[in-house]
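As structure tokens, the structure follows; a few thoughts come after it.
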Amino acid sequence: MDDNSSLPPNQDGAVDMLWLVDRLEEMVSLGKRVPFSTRVMVEEEEFLQLVDQLRVAVPNEIRQAQRVIKQRERIIGEAQDEAAEIIDRAHAEADRLVSQSALLTEARQRGEEILRRAEEEQQRTKGELDVYVLSQAQLLEDAIDRGLAVIREAAEDTLDALGDLKAEVTRPHGRD
């Protein structure tokens, strides 16, 4: 088996646990077989040295795993915060758009109501104007009829007076 001086340290200077397990497996596979059994003889000192290194490596691996978990939790927390922020912004934007849409709808409805009232007022005014024009036309017609009646009467009176004058002029005058 390899010399322990060739142990590959990992990032924090500790020996990689998987490398140590591989060395133990290699030690067993290279060990001497006990005849008529499934047992293997290995160098005790080498074996105990690898076990000691495993004891040191396991806590390092656990600490590294804890660091990875903390980093993962931090990243997940940041992602959740960012997601919550995005959702909040989306809700705010949706509220703004709904509010804007509601304002536009209300403005459209009010505009339509104003137009409807203006059209009603126009129709009412037009109707009132028509009634007024008709009433004035009727008054004018009545005035013309009265004027014509007066003119007819005056013409008849004039004709009668002229007839009387003509009769008087044509009648022999007796000298009295």
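A short reminder: the numbers here are calculations on the coordinates, not readings from a lab. Model, not experiment: these values are computed from the prediction. Don't worry about glycine lacking a Cβ; one is built from the backbone with ideal geometry, like all the others, and counts go over all protein chains shown.
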Open item on the list: Placing one identical point scatterer on every Cα of segment 87-148 and ignoring solvent, what is log10 I(q)/I(0) from the Debye formula at q = 0.25 Å⁻¹?
Closed with: -0.94
Task: Kirkwood hydrodynamic radius (C-alpha pairs) into Stokes-Einstein, segment 26-100, 4 °C and 1.567 mPa s, D in µm²/s - done: 73
Open item on the list: Can you list residues from other chains, or at least 5 along the same chain, whose modelled amide H is less than 5 Å from the amide H of D16?
Closed with: N10
Task: Dipole of the chain, positive direction: furthest Cα of M41, A154, Q66, with charges on the beta-carbon - done: M41
Open item on the list: Compute the helix-to-body angle for 44-170: its Cα long axis versus the longest principal axis of the chain, expressed 0 to 90° and rounded to tens.
Closed with: 0
Task: Student exercise, segment 64-137 dipole from Lys, Arg, Asp, Glu Cβ charges, in Debye to nearest 20 - done: 360
TODO: Just the number, please: Stokes-Einstein D of the chain in µm²/s, Kirkwood Rh from C-alpha pairs, 10 °C, 1.306 mPa s.
DONE: 53
Open item on the list: If I model a spin label as a point 7 Å beyond the Cα along the Cα-Cβ vector, how far apart are those points for Q64 and Q136 in nm?
Closed with: 10.5
Task: V40 long-range amide H proximity, modeled H, under 5 Å - done: V34
Open item on the list: Along the Cα→Cβ direction, 7 angstrom out, place labels at E168 and R124. What is the inter-label distance in nm?
Closed with: 6.5
